[in-house]
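Chemist: One structure is given below, represented as structure tokens, and several questions about it will come after.
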Amino acid sequence: MDASPQRPVATTSPRILAARETKIVASDVNVYYGDKHAIKHLSIDIPDRAVSAFIGPSGCGKSTFLRSINRMNDTIDGCRVTGEILVDGKNIYDRDLDVVQLRARVGMVFQKPNPFPKSIFENVAYGPRIHGIAKSKTDLEEIVVNSLKKASLFEEVKDRLAHPGTGLSGGQQQRLCIARAIAVNPEIILMDEPCSALDPIASARIEELIDEIRQNYCIIIVTHSMQQAARVSQLTAFFHLGDLVEFGDTDDMFTTPKDKRTQDYITGRFG
Amino acid sequence: MTAWTLLIIAALTVTGFFIGRARAQGLRNAGAARLHSLPTYHGLLMASMGFAAACVTTLAVAYVAGPDSMIMPAAAALLGTSAIAASHPLITREFRARNCFEYFVMLVLIACSGVAILTTIGIVFSVLFETLAFFREVSVIEFLFGTHWAPTSTPASFGFIPLLAGTLLITLIAILVAGPLGLLSAIYMAEYSSRSLRGVLKPVLEILAGVPTVVLGFFAALTVAPLIRNSGEAFGLAVASESALAAGLVMGMMIVPLISSLADDIINAVPQSLRDGSYAMGATKSETIKRVVLPAALPGIVSAFMLAISRAIGETMIVVMAAGLAANLSFNPLKAVTTITVQIATLLVGDQEFDSAKTLSAFALGFVLFCFTLVLNFVALRIVQRYREQYD
Amino acid sequence: MIDKFQKGDPARLAKRYSSERRFQAYGAAALAISVLFLAYLIIDIGIKAWPSFFEHRVVLQFNLDPGKIDFTNVQKGDFTGLIKDSLRALFPTVTDRADKKNLTALLSVGAADDLRDQIVANPSSIGTTVNAGALLSDDADLYFKEGFSSTIKTAGKTNLQLAQTGEEYLFSGDTSQLAVGQIVRTNGGALRITSLEAGIAKAEALMVPENLNSLIPGSWDLLSLSETEAERSIDDRSTVWLEALRDKGLIEKHFAWRFFTAGDSREPELAGLRGAITGSLLTLIMTLSLSVPLGIAAAVYLEEFAPKNRWTEVIEVNINNLAAVPSIIFGLLGLAVFLNFFGLPRSAPLVGGLVLALLVLPTIIIASRAALNAVPPSIKEAALGVGASHQQAVFHHVLPLAVPGILTGTILGVARALGETAPLLMIGMVAFIVDVPKGFTEAATVLPVQIYLWSDLPEVAFQSRTAAAIIVLLVILFCLNAVAIYLRKRFERRW
């Protein structure tokens, strides 16, 4: 299967991409779980300082692809990735690449909020501590406060930084996780259905937050909700059964989809 | 007589079943209307009536007249038969034999689950009575705070402190060995080893856990103790032939599988999402384990250590065979010390008169041991339960 | 480009990675220590045990003359005398009373019984002369076992002259090969060197030589024993006798079936495990017939029927605690309740079985509950859906599906009961019992207690017997565990 010819990149020269630097270049990526071929010959260019949304029906491979961008798939037994994914021109599947450093640059927010069973402060300070980013205690405090502010959580928790992070509400926990990711100062933030475990109000706060920080990061968000994709993203990629069907400007995608399958999905024929 | 009685009970049960079933079948064949319950249930009910009546009678007679009495089989037969006869007319079309039988079964099940409670009550009372008898002869103060233990000499002295010190010393050595080894083993198996390696290592640890303590005691006394003595002499140290160190080391190895299997379960119960969160921050595996997994698993690990301590305190054979009998009040691991369990075992092996303070002191020691381990176990199990609930 | 991936200090990163490797190495080392400990334990005990699976016999000639022994009443016959005479006949020069006694002490006291059994089994041999092996005593037996004797035999390479003055013998000539304490065997005798001065070796007779012929290379040899006589259980004279028997080819090595077919004995070479194995079997039957029905019934009630209230919670906590109560406490319970209150017989498998049943009951309940819990509720619901009563649903559908899990738990419980020692010490199963127990109320001992008893005995041969008994126990336990693992693998179901 690997030998089959490389497909053309599925982008349709989106306007947004043309206007920005390309951050991630994936070409002919295949992901296997044991015998299952989860991602098939995928090629995509993702721009910096914009939000790209991955949509598609369940099991289409959008989360799998997301997890291969910071090599979280390494932790799954029997998972194999071929092809190359370049971040700033460097193939992250190169033998000499250091996963630990890659992940410090490519942050991730998970479907279910997963704060560590530590205090709010320690949750955010975890990354700077292990990477030795903070030079001093005051430095560290500054990083924590700034990250919490960027995640627009600071006002709500400033009086109880020493309380456990698990005691927050679901939406606050997710924003804490975003603050935790921001604290390491990543360039790319991957979000795997960050709102699926939250109520609509909490989801709206997260969406606002994504909108606020998108100027500084390359954000990729996997979502089930087409409305959410339409609201927060500038680019949208549609996945179906392991294939990248279509990738383009969000506005174009939802008004004039090029592929029949995209149209069917958007109009609710399946999904 | 016992054999006869058992035979009679069995016979009554079987005949009861067939009589009951036959009558119900007769009813079914005779009339067009359906029976409420299957004939088998009528048979089972009658069998259980006969069985229960005969058993109760047997126990009652055995209590009153002794187990060798001729009355026992006779009375069992008589009352069993009359129970069957009395329940015979009950069998009618509408009779809810299944419900009655199920009620009977439920009573039996409840009684069976009560045996565990009875065991605990039995333990508490059997130990408590003799302990109280002991404290009528020896003052509690002398027992708890005395520093001299010599139950066989005249005058005997029952100071419990040297035994406590010996027990704690050996337990401490055992935990110092088993704690790091067990915990690191568990971490390696849960986080690092491949599935196939784990498939080999787990059974090996289970084998180690299944080695009888009498075998470990033999090994401690005949192999480890001489080894320690010889290497001690090489360094110019005087090591007792029954040193606390030998017993403690082997006991530690005995506890390794206990700690590793408990810790393994607990580490596996830490949700993968926490690990993912840490890896996604760019943490290495050991950083994730040390800073996220272990703190999250801390309550469970603490309780695993408590269960291990309780196991070490209560372990008997290793110390009986490898630790000494002399009650030295010493914290030197190279010297011979004795433990609570060693004293219980040596005081009660062989013939004993039940009213002597010497024999009774073993029960007092047993009481102390029971209280120690009960508290440890109870607290540890509570912590584990809380911990499980947190991540369920 | 690669530089962009350098976040933070490279030295710090190297440190992080070396800490990672160190941590992983600690884990591997911890596991290796456990595995090595287990391997060392098994190999050490195996090496100690190996000699006990073999016994040595000396082949003697017996004249089964009906005139000497009354073969019509075999049980009364003096076979001991017969055997002693046969052995002495091989050493006609041994005449001293004490020496004769020492010589026959090389034979086991059980040798006579062996000969009697052989004659009873083969009556046609009466009146003929037969060759039969006579079991050696434990010390003599050990002498022929690897690692227990340090005798080195060297051939004589020089010419020596032998002379006798009274009780003393003198070697002259080339005495360069000789040393004090060595034994020279020549001319049908054995002489121990007592002093060596100026090329003349003085010696005393352990076995009187037949003549005083000169020694030439090949006509004599030398026994050197590294330890002093006091350190050995076999003295020099006995060594000479045993070596003579070996040189005549009369020593036979056999597999020691006796170890499995005989009961306990004060003589190590006669002691066997049959009594202990039978005792263990009786105790286990008692344990199983009580704990399995009780355990399963309790598990079924608690898992399937019990309402969630304070009472069932108490039972649950109680069972969990009971599983962690030290086993010796159960011994105290047995002593106080079963022996003193109910007056049941001491040392009996009945009481041992009762105590062990209570001991493994929590284990069986917990395992059975886990097995019942693993059966998905949909199966019970399906049965209830077609109008089965709650009990019918449980006993017809849920329980049969849980049987493999319950069985696995039960086998592990049995393995625990089989290895348990401490509570049985309390109820008097530590007695020295020669007879194989025939019933539940007879005095008996069990395998682990037998191990404990033997390990306390001073004879060297008992150390090896103890190790051999341990090997037997471990083999049984491994088999039980293997069955449990097989069951778990075979019937493991994913719902």
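The values are calculated or read from the model by the stated rules, or taken from the named source; none is laboratory data. Note that the structure is predicted; figures quoted are calculated from it, not measured. Every residue, glycine as well, gets a Cβ built from its backbone with ideal geometry; the counts of neighbours run over all protein chains shown.
Chemist: Just checking, does the stretch C:292-299 include any residue being surrounded by fewer than 16 Cβ atoms within 10 Å (Cβ to Cβ), at the interface with chain B (Cβ under 9 Å from one of its Cβ atoms) and modelled with pLDDT of 90 or more?
Modeler: yes
Chemist: Quick one: which of B:362, B:297 is facing chain C (nearest Cβ under 9 Å), assigned to a helix (DSSP H, G or I) and aliphatic (A, V, I, L, M)?
Modeler: Checking each option against the conditions leaves just B:362.
Chemist: Still on this model: Can we say residue B:325 is within 24 Å of residue C:330 (Cβ to Cβ), surrounded by fewer than 24 Cβ atoms within 10 Å (Cβ to Cβ), under 25 Å from the mean Cα position of the chain (by Cα) and more than 7 Å from every other protein chain (Cβ to nearest Cβ)?
Modeler: So residue B:325 does not fit the description; no.
Chemist: Report, by residue number, each residue of the stretch C:300-311 that is more than 8 Å from chain B (Cβ to nearest Cβ), part of a helix (DSSP H, G or I) and not acidic (Asp, Glu).
Modeler: Those that are more than 8 Å from chain B (Cβ to nearest Cβ), part of a helix (DSSP H, G or I) and not acidic (Asp, Glu): C:310, C:311.
Chemist: Do you know which residues across the stretch B:214-241 are of a type in the set (Val, Ile, Thr) and either more than 7 Å from chain C (Cβ to nearest Cβ) or not in a helix (DSSP H, G or I) (or both)?
Modeler: Answer for the stretch B:214-241, where residues must be of a type in the set (Val, Ile, Thr) and either more than 7 Å from chain C (Cβ to nearest Cβ) or not in a helix (DSSP H, G or I) (or both): B:224, B:228, B:239.
Chemist: Can you tell me which residue within the stretch A:108-146, out of those that are touching a residue at least 60 places away in the same chain (Cβ under 8 Å) and not aliphatic (A, V, I, L, M), is nearest to the other protein chains (Cβ to nearest Cβ)?
Modeler: Taking the candidates together, the pick is A:114.
Chemist: Cβ-Cβ under 7 Å, sequence separation 6+ or interchain: first residue in the stretch C:195-215 and farther than 16 Å from residue C:159 by Cα, partner among the charged types (D, E, K, R) and buried (at least 16 other Cβ atoms within 10 Å of the Cβ). Which pairs?
Modeler: C:195/C:202; C:203/C:192; C:204/C:192; C:206/C:192; C:206/C:236; C:206/C:237
Chemist: Ok, one more. Inspect all residues belonging to the stretch B:272-291 and state whether any of them is among the aliphatic types (A, V, I, L, M), touching a residue at least 60 places away in the same chain (Cβ under 8 Å) and either more than 11 Å from chain C (Cβ to nearest Cβ) or out of contact with any helix residue (DSSP H, G or I) (no Cβ under 9 Å at 6 or more places or on another chain) (or both).
Modeler: No: the stretch B:272-291 contains no residue that is among the aliphatic types (A, V, I, L, M), touching a residue at least 60 places away in the same chain (Cβ under 8 Å) and either more than 11 Å from chain C (Cβ to nearest Cβ) or out of contact with any helix residue (DSSP H, G or I) (no Cβ under 9 Å at 6 or more places or on another chain) (or both).
Chemist: Give A:234, A:215, A:227 a once-over and let me know the one that is closer than 15 Å to residue A:46 by Cα, surrounded by fewer than 23 Cβ atoms within 10 Å (Cβ to Cβ) and at pLDDT below 90.
Modeler: Matching residue, one of A:234, A:215, A:227: A:215.
Chemist: Specify which of the listed residues (B:302, B:320) is more than 7 Å from chain C (Cβ to nearest Cβ), more than 24 Å from residue C:21 (Cβ to Cβ) and in contact with a Gly (Cβ under 7 Å, 6 or more places away or on another chain).
Modeler: Checking each option against the conditions leaves just B:320.
Chemist: Where in the stretch A:48-159 are the strands (runs of 3 or more DSSP E), entirely inside, with at least 3 residues that are farther than 30 Å from residue A:171 by Cβ?
Modeler: A:79-87
Chemist: A further question on this structure: Taking the stretch B:51-75 only, how many residues are among the small types (Gly, Ala, Ser) and either over 27 Å from residue B:19 (Cα atoms) or not assigned by TED's automatic domain parsing to the domain that holds residue B:11 (or both)?
Modeler: The total comes to 4.
Chemist: Determine whether residue C:39 is at pLDDT below 90, surrounded by fewer than 18 Cβ atoms within 10 Å (Cβ to Cβ) and within 14 Å of chain B (Cβ to nearest Cβ).
Modeler: It is false that residue C:39 is at pLDDT below 90, surrounded by fewer than 18 Cβ atoms within 10 Å (Cβ to Cβ) and within 14 Å of chain B (Cβ to nearest Cβ).
Chemist: Mind checking whether some residue in the stretch C:123-133 is over 27 Å from residue C:92 (Cβ atoms) and out of contact with any Pro (no Cβ under 7 Å at 6 or more places or on another chain)?
Modeler: Yes - at least one qualifying residue is present in the stretch C:123-133.
Chemist: What do you reckon, is residue C:347 touching a residue at least 60 places away in the same chain (Cβ under 8 Å) and of a type outside the set (Asp, Glu)?
Modeler: When the stated conditions are applied, residue C:347 passes them.
Chemist: Take the residues in the stretch B:91-107 that are in contact with a Phe, Trp or Tyr (Cβ under 9 Å, 6 or more places away or on another chain) and free of Cβ contacts under 8 Å to residues at least 60 places away in the same chain; name whichever of them is farthest from the other protein chains (Cβ to nearest Cβ).
Modeler: This residue is B:100.
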